[in-house]
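*Asks:* What follows is a single structure, and I will ask about it in a moment.
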Amino acid sequence: MSKRLRIFIAAGAPVLAAVILLLRNYIIGLKRFFPECSFHRLTGYWCSGCGNTRSVEALLHGHIFTAIRNNATMPFLSLLLILLYFENLGALFGRDIKLLPRKWLFWGPVIGIFIVYFIVRNFIPVLAPIS
């Protein structure tokens, strides 16, 4: 990755985060335009995307545990983005740090855990999104 792109990311990401936080009420208001999950309405089971909107809303309000409860995907992806940002920042200053594992030995089980989570949350009410 070019140094110019790294600088753009290092400067742009905090600005983007600040804009998102300033406009969070407007962004949260957009959820009224999202349709209800057809899969959940027809079957009564939660799909892998059920709870993502509520999870993002909880993250924007700083309620991390509520976000995880609604759908663990969004907090997990947010953590990945933060770690990648710090890797980029380190590379910008000449430090090649790897905060995220790059091996399939790590990511295979993580993906497997998420698949099991998406299935099991339909049968254990504590794991289901908050309605």
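*Asks:* For region 1-81, please list each of the helices (runs of 4 or more DSSP H) lying entirely inside it that holds at least 1 residues being surrounded by 10 or more Cβ atoms within 10 Å (Cβ to Cβ) and touching a Gly at 6+ places or on another chain (Cβ under 8 Å). Talk me through it step by step, then tell me what you get.
*Replies:* Details: elements: 3-22, 24-29, 38-43, 52-60, 64-70.
Passing ranges, in order: 64-70.
*Asks:* Just to be sure, is I97 assigned to a helix (DSSP H, G or I) and either loosely packed, with under 14 Cβ neighbours inside 10 Å or of a type in the set (S, T, N, Q) (or both)? Break it down into steps so the answer makes sense when it comes.
*Replies:* Numbers: assigned to a helix (DSSP H, G or I): no; either loosely packed, with under 14 Cβ neighbours inside 10 Å or of a type in the set (S, T, N, Q) (or both): yes.
Against the criterion (assigned to a helix (DSSP H, G or I) and either loosely packed, with under 14 Cβ neighbours inside 10 Å or of a type in the set (S, T, N, Q) (or both)), I97 does not qualify.
*Asks:* Name the pairs: first residue in region 113-131 and over 18 Å from F76 (Cβ atoms), second residue surrounded by 15 or more Cβ atoms within 10 Å (Cβ to Cβ) and not β-branched (V, I, T), Cβ to Cβ under 6 Å, at least 6 apart or on different chains?
*Replies:* Pairs found: N122/Y45; N122/W46.
*Asks:* Scan region 1-33 for residues that are closer than 19 Å to A67 by Cβ and touching a residue at least 40 places away in the same chain (Cβ under 8 Å) and jot them down.
*Replies:* Once the filter is applied, which keeps residues that are closer than 19 Å to A67 by Cβ and touching a residue at least 40 places away in the same chain (Cβ under 8 Å), region 1-33 yields only I20.
*Asks:* So A72 passes all but one of these: (1) more than 23 Å from A11 (Cα to Cα); (2) over 13 Å from the mean Cα position of the chain (by Cα); (3) of a type in the set (A, V, I, L, M, F, W, C). Which condition number does it fail?
*Replies:* It fails just one condition, (2).
*Asks:* Keeping to region 1-60, report how many residues are in contact with a Ser or Thr (Cβ under 8 Å, 6 or more places away or on another chain) and either among the β-branched types (V, I, T) or within 30 Å of F93 (Cα to Cα) (or both).
*Replies:* 1
*Asks:* Quick one: which residue in V126, V110, V116 is modelled with pLDDT under 95, β-branched (V, I, T) and more than 29 Å from F8 (Cα to Cα)?
*Replies:* Numbers: V110 fails: modelled with pLDDT under 95; V116 fails: modelled with pLDDT under 95.
None of the other options fit; the residue is V126.
The values are calculated or read from the model by the stated rules, or taken from the named source; none is laboratory data. This is a predicted model, so every value here is computed, not measured. Virtual Cβ from ideal backbone geometry, glycine too; neighbours counted across all protein chains shown.
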